[in-house]
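Novice: Would you mind keeping the following structure in view while I ask a few things?
The values are calculated or read from the model by the stated rules, or taken from the named source; none is laboratory data. As the structure is a computational prediction, the values presented were derived from the model and not from experiment. Note that we place each Cβ from the backbone using ideal geometry, even for glycine, and neighbour counts take in every protein chain shown. Heads up: the accessible areas ignore ligands, DNA and RNA and are worked out on the full protein's heavy atoms, side chains in. Shrake-Rupley method; radii C 1.70, N 1.55, O 1.52, S 1.80 Å.
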Amino acid sequence: MEGQNNSKRSFAQLAKAASPRTESRPGGPPSRSGQSTGKLPAKSGQGASDQSSRVAHDAGKQPHKGARSTRNQPAQSGQDASEWPFKTAPATGDRPHKGAQSAAKQPYKGAQSAAKQPHKGAQSAAKQPHKSAQSTAKQPRIDAQSAAKQPHNNAKSVGKQPNIGAQSAHNRPPKSASGARKQPATAREVALQVVLRVEEKGAYSGLELNRTLTEAGLSRADAGLATELVYGTIQRLRTIDYVLAARVKGWPAKLEPWVRCLLRLSYYQLRWLDRVPAHAVTDEAVRIAKRRGHAGIAGLVNGVLRGLLREGVAPPLPADLPAVERIALEHSYPSWLVARWIAAYGEAAAEAMCAAGNTPPHVSGRVNRTRASRKDLLARMAEAGVEARPSALTAEGIVASRVGSLASTPWFAEGLLSVQDESSMLVAAVCDPRPGMRVLDCCAAPGGKAAHLAERMDGRGEVVANDVHAHKEALIREQVERLGLSNVTTRVGDAETLAERLPAGAMDVVLLDAPCSGLGVIRRKPEIKWNKRSEDIASLASLQRRLLASAGDMVKPGGTLVYSTCTIAPEENEETVRAFLRDRPDFALDPAWPEETLAPLRTAGALPAPFKGMVQLLPQHFGSDGFFIARLRRK
């Protein structure tokens, strides 16, 4: 969750970072969910019609669903230089802060100069064309031959030319002969357009990718490549900028946004993907540079990429780095976040968390037990040629591969399953509602957990699904109707004041799936690690404590209160629960979770000893999202 600080920071601050070791993705460029599909729906959660694994999960309710105080707050000047001030919030935007309407008001820090404070070279571009555009004799295209003789001259010369690429129509696709804008024709052009809009306009990466893919009409394979390029470039940004800063003088501030985005995308593909030959990657990058810019920019791109190929795309890290910097640079994370995780979980666990955050998320779904059994649905999937297996974590969960989007399958349309992360499915299991009970989900949109609660009640009793956003009530209703659930009612209201509008002490079970920093879902929404800063966590913890206090008032004596987040921050999790217990002696932690829930946690070593009633799931435990769940009982 970002706030309102208006200080400006350029990408140049990120150049202090160093490079991680080589990683490859065998088999070429999969989608971020591990398949060759790039379909990304506009909404996350269970209600989208063609849901990709990256945004299709209940944790994708967005880790910001009810907070209002801090949105898009750039890092303060004293903050670690590794924090990339991406403007975007999480990729799908399904659960924005209550104050999220300000998301588009603050331009991307470091990119704002193109629109508000352009470089001098950009200001005069219309009157004085770039020297390279006037005469290629004055600035010839730097080809592979000249790059071999002077591998970095072309790159270092950037510092002599302010705002490289400013003359090229400010990052817009070219016009056709008729004057109409052409849609991006290739996966790389689509990826470039998306990353550019994320950087310059603060677009949500998932929403922008979905929109651009729909307009471009790419093949499934190319859509998968575009998806991988977008998310991978955002994930590995710190490493990418470190390597490129050593080869391009003035990186990144001296380059126009589209030029640096093109170099980032191309370097990501050269280093981390291996299906497309390196020469083809370089050739297309040069072609795009020519089409958008001029011969000088094409020469810069050509020289930088060929220099990387000649010298090695994965330069080693310095040998004497402290643990925080080594992990942060190797896995491309902000140093403040790595330091926080090392302090809380130790160096080995922190590094495993960072590595897990860079892996594609599973494609997982929840079987609707009121309409099908997991065994029967898995059999139907096998008959259709879909590889799927039972989840090791939850009784209703399945994990699929080579299926693309589960939300585009007939089983989703028939209401037999919902798209949801395995960790998220644990929440309803911990609530353990029984048929006939009255249950409240305080922050319910897009409705995945509310629907899961209703399914576990076999359609009997009542689940009240509340959310602060009126337009999201429709998402919950869509879920309920698709799944054929008759025991869910919806309402709109601020969870902090919900106790003023509902009877006190009337609910058997109350679930508060609270707004949070979302640090557990970085693999699905990689911008989170660049958007967030340490100060956001304290602000969120304050909100969470107020929401939990309100939720507790609605639990009847002997009833259950469950608190969950999709983050990994003690202040938002364990400390919030302990603060609530200090203020409410009529509540106590409840370790009596269903055995079907405890058994896999115990086997994976994820259950603390002694177990008192709350658990922090880390991304490496099951390959699922990082989640925190606590269960309390009112005395």
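Novice: Within region 570-592, how many residues turn out to be open to solvent by less than 40 Å² (accessible area, probe 1.4 Å), over 28 Å from Leu337 (Cβ atoms) and touching a Phe, Trp or Tyr at 6+ places or on another chain (Cβ under 8 Å)?
Specialist: Adding up the residues that qualify gives 1.
Novice: From the list Ala280, Ala298, Ala289, Ala285, pick out the single residue that is small (Gly, Ala, Ser), open to solvent by 10 Å² or more (accessible area, probe 1.4 Å) and either in a helix (DSSP H, G or I) or closer than 21 Å to Pro334 by Cα (or both). Reasoning before the result, please.
Specialist: Values: Ala298 fails: open to solvent by 10 Å² or more (accessible area, probe 1.4 Å); Ala289 fails: open to solvent by 10 Å² or more (accessible area, probe 1.4 Å); Ala285 fails: open to solvent by 10 Å² or more (accessible area, probe 1.4 Å).
Criteria check complete, one pass: Ala280.
Novice: If Ser391 satisfies every condition in (1) modelled with pLDDT of 95 or more; (2) closer than 30 Å to Trp272 by Cβ; (3) touching a Lys or Arg at 6+ places or on another chain (Cβ under 7 Å); (4) polar (S, T, N, Q) but one, which is the exception?
Specialist: Of (1) modelled with pLDDT of 95 or more; (2) closer than 30 Å to Trp272 by Cβ; (3) touching a Lys or Arg at 6+ places or on another chain (Cβ under 7 Å); (4) polar (S, T, N, Q), only one is false for Ser391: (3).
Novice: For region 381-400, which residues satisfy the criterion of being surrounded by 15 or more Cβ atoms within 10 Å (Cβ to Cβ) and either free of Cβ contacts under 8 Å to residues at least 60 places away in the same chain or polar (S, T, N, Q) (or both)?
Specialist: Within region 381-400, Met381, Val386, Ala388, Pro390, Ser391, Thr394, Glu396, Gly397, Ile398, Val399, Ala400 meet the criteria.
Novice: Against the conditions (1) without any contact (Cβ under 8 Å) to a residue 60 or more places away in the chain; (2) open to solvent by 30 Å² or more (accessible area, probe 1.4 Å), where does Ala344 fall short? Just the number, please.
Specialist: Answer for Ala344: the failing condition is (1).
Novice: Only residues that are open to solvent by less than 10 Å² (accessible area, probe 1.4 Å) and in contact (Cβ under 8 Å) with a residue 60 or more places away in the chain: list them for region 602-618, please.
Specialist: Leu617
Novice: So which of Ala323, Ala350, Ala280, Ala319 is in contact with a Phe, Trp or Tyr (Cβ under 7 Å, 6 or more places away or on another chain) and without any contact (Cβ under 8 Å) to a residue 60 or more places away in the chain? Quick ask: steps written out before the conclusion?
Specialist: Numbers: Ala323 fails: in contact with a Phe, Trp or Tyr (Cβ under 7 Å, 6 or more places away or on another chain); Ala280 fails: in contact with a Phe, Trp or Tyr (Cβ under 7 Å, 6 or more places away or on another chain); Ala319 fails: in contact with a Phe, Trp or Tyr (Cβ under 7 Å, 6 or more places away or on another chain).
The conditions single out Ala350.
Novice: Collect the residues in region 262-291 that are under 14 Å from Ala187 (Cα atoms) and hydrophobic (A, V, I, L, M, F, W, C), keeping them in residue-number order.
Specialist: Passing the criteria: Leu262, Leu265, Leu273, Val276, Ala280, Val281, Ala285, Ile288.
Novice: Search region 204-222 for residues being free of Cβ contacts under 8 Å to residues at least 40 places away in the same chain and assigned to a helix (DSSP H, G or I), and hand back the single one that is surrounded by the most Cβ atoms within 10 Å (Cβ to Cβ). Quick ask: steps written out before the conclusion?
Specialist: Initially, region 204-222 is screened for residues free of Cβ contacts under 8 Å to residues at least 40 places away in the same chain, giving 208, 212, 214-217, 219.
Narrowing the set further to residues that are assigned to a helix (DSSP H, G or I) leaves 208, 212, 214-216.
On the way: Glu208: 23, Thr212: 25, Thr214: 14, Glu215: 12, Ala216: 19.
Here the residue is Thr212.
Novice: Inspect all residues belonging to region 352-360 and state whether any of them is open to solvent by 50 Å² or more (accessible area, probe 1.4 Å) and either in a loop (DSSP other than H, G, I, E, B) or modelled with pLDDT under 95 (or both). Spell out how you get there, then give the answer.
Specialist: First, pick out the residues of region 352-360 that are open to solvent by 50 Å² or more (accessible area, probe 1.4 Å): 359.
From what's left, either in a loop (DSSP other than H, G, I, E, B) or modelled with pLDDT under 95 (or both): 359.
Scanning region 352-360 turns up at least one residue that is open to solvent by 50 Å² or more (accessible area, probe 1.4 Å) and either in a loop (DSSP other than H, G, I, E, B) or modelled with pLDDT under 95 (or both).
Novice: Any chance you could count how many residues in region 441-467 are out of contact with any Leu (no Cβ under 6 Å at 6 or more places or on another chain), farther than 13 Å from Leu511 by Cα and of a type outside the set (A, V, I, L, M)?
Specialist: The number of residues fulfilling the criteria is 7.
Residue by residue, here is whether (1) β-branched (Val, Ile, Thr); (2) under 23 Å from Gly552 (Cα atoms) holds:
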position	(1), (2)
Ala400	no, no
Ala407	no, no
Leu417	no, no
Gln420	no, no
Val427	yes, yes
Pro446	no, yes
Gly461	no, yes
Ala474	no, no
Val480	yes, no
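Novice: Filter region 361-380 for residues that are assigned to a helix (DSSP H, G or I) and in contact (Cβ under 8 Å) with a residue 12 or more places away in the chain and give the result. Break it down stepwise before answering.
Specialist: Step one: of region 361-380, the residues assigned to a helix (DSSP H, G or I) are 374-380.
Listed by number, the residues that qualify are Arg374, Leu377, Leu378, Arg380.
Novice: Within region 252-271, track down each residue that is of a type in the set (A, V, I, L, M, F, W, C) and crowded, with 24+ Cβ neighbours inside 10 Å. Please lay out each step first, then the result.
Specialist: At the first step, the residues of region 252-271 found to be of a type in the set (A, V, I, L, M, F, W, C) are 253, 255, 258-259, 261-263, 265, 270.
Once the filter is applied, which keeps residues that are of a type in the set (A, V, I, L, M, F, W, C) and crowded, with 24+ Cβ neighbours inside 10 Å, region 252-271 yields Leu255, Trp258, Val259, Cys261, Leu262, Leu263, Leu265.
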